[in-house]
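K.L.:
Let me give you the structure first, and then I'll get to my questions.
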Amino acid sequence: MADDPLDDAGTKSETEGAGDDWAAALSEHEGSDGAQAPAFAELGGSVTAAPAGSQNLDFLLDIPLNVTVELGRTSMIINKMLQLTQGSVVELDKAAGEPVEIFVNDKLLGKGEVIVVNERFGVRITEIISQADRIKNIG
């Protein structure tokens, strides 16, 4: 009689009774379709709305981004890398004067040219890739 939810005294077992208690509690609180409408308090009447989106935009303007400029790339075997010493020259895949790529958070933003300003390197942006191309590069 293990399949019978009634015990020897003819009453339901504790686990079966607990399930019925949950079902009864849920049925008291549910509507006819099983869902309840949430209750929300009314907002105060004297709230001034900010221009649409300005609060969200201000929040986004403070997010830090990593900007990387790639001068070029190369690949080499470990043996060649271990032979590098001070003064060694590593040949890159780009020619001198060719535009460098500008990445923001590892996503291509555009291209530019290397310049020197006050004895520091900088990049003058010469091309920003189209919005459609940036969206393609996101995924």
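K.L.:
Determine if the range 70-83 includes at least one residue that is touching a helix residue (DSSP H, G or I) at 6+ places or on another chain (Cβ under 7 Å), in contact (Cβ under 8 Å) with a residue 24 or more places away in the chain and surrounded by 12 or more Cβ atoms within 10 Å (Cβ to Cβ). Write out each step before concluding.
P.N.:
Step one: filter the range 70-83 for residues touching a helix residue (DSSP H, G or I) at 6+ places or on another chain (Cβ under 7 Å), giving none.
Looking through the range 70-83, none of the residues is touching a helix residue (DSSP H, G or I) at 6+ places or on another chain (Cβ under 7 Å), in contact (Cβ under 8 Å) with a residue 24 or more places away in the chain and surrounded by 12 or more Cβ atoms within 10 Å (Cβ to Cβ).
K.L.:
Check off (1) assigned to a loop (DSSP other than H, G, I, E, B); (2) surrounded by 10 or more Cβ atoms within 10 Å (Cβ to Cβ); (3) at pLDDT below 90 for residue 49 and give me the number that stays unchecked.
P.N.:
The single condition residue 49 does not satisfy is (2).
K.L.:
Just for strands (runs of 3 or more DSSP E) wholly inside the range 52-121: which have at least 2 residues that are hydrophobic (A, V, I, L, M, F, W, C) and over 23 Å from residue 134 (Cβ atoms)? Can you show your working first?
P.N.:
Numbers: elements: 67-70, 100-104, 107-117.
Output list reads 107-117.
The values are calculated or read from the model by the stated rules, or taken from the named source; none is laboratory data. Since the structure is predicted, the reported quantities are computational estimates derived from the model, not experimental observations. For neighbour counting, all protein chains shown are included, and Cβ atoms are generated from backbone atoms with ideal geometry for every residue, glycine included.
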